[in-house]
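Engineer: Encoded as structure tokens, here's the structure I'll be asking about.
Every read-out reported here was derived from the displayed coordinates using simple, explicitly stated rules and does not represent laboratory data. Source: prediction; values computed, not measured.
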Amino acid sequence: MEKNHFWFTLILSVVTALGIVSFALCIASEFKRTKRKDLKLDGRLCYLPGSRAFGLGIAALICLSAAQIIGNFVICKSLCLRERRTSCKAKKTTIASTFLVLSWVSFGVAVILISVATSMNRKQPYGEGWLDGECYIVKDGVYGGAGMLVLVTAGSTLASAIITTRMREVEQGRKVHAQV
């Protein structure tokens, strides 16, 4: 039993660390993104140099995705019955399910925000731009908002994992008492 608690704590620590790193990378991207002063115009053509926010945004996406996958693996493992490995019966819990849905919704929105903002921070040469040959600059606070969604995602994933694991432990405890 202690071995399971050790691994559970270790995995949740990894999810927490990945969420914090992803948040920090989003905040760093906010400061390193291309600014209006970087924009160069030549008639109708525009040019934006690449920025470090591109690499930081990619790293933030990788950390966020890894945290979401690992956290959901823990949740799914907790919901599966160990006695019957062929089927996975989900125990319906309103709170854990609410956190899980919140986790996926905030994950989806965060991925969209980070992906779009990161792609805008690539080099935008004259005449090519980001979209239809026009240059676009990420607005203030987009990476910061995405960072907040990263924290919501990681927190709700952790909450759902903890709730489902605790429920499983309680049910296993009841089965042991019933057999005695």
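Engineer: Residue by residue through the stretch 42-59, what is 3J(HN,Hα) from phi via Karplus (6.51 cos²θ - 1.76 cosθ + 1.60, θ = phi - 60°)? Round to whole Hz and write x for glycine and proline.
Structural biologist: 9, x, 8, 8, 10, 9, 10, x, x, 10, 5, 5, 4, x, 5, x, 4, 5
Engineer: Can you work out ³J(HN,Hα) from phi for every residue in the stretch 107-118, in order, using Karplus 6.51 cos²θ - 1.76 cosθ + 1.60 and θ = phi - 60°, giving whole Hz and x for Gly and Pro?
Structural biologist: Ordered by residue, 3J(HN,Hα) equals 4, x, 5, 5, 4, 5, 4, 5, 4, 5, 5, 5 Hz.
Engineer: ³J(HN,Hα) across the stretch 12-29 via Karplus (A = 6.51, B = -1.76, C = 1.60, θ = phi - 60°), whole Hz, x for Gly/Pro?
Structural biologist: Using θ = phi - 60°, the values come out as 5, 5, 5, 4, 4, 4, 5, x, 5, 5, 4, 4, 4, 5, 5, 5, 5, 5 Hz.
Engineer: For a quick check: with amide H placed at 1.01 Å from N, whose amide H comes under 5 Å from Gln124's, ignoring anything fewer than 5 positions away on the same chain?
Structural biologist: Here the answer is Leu48, Gly50, since their amide H atoms fall under 5 Å of that of Gln124.
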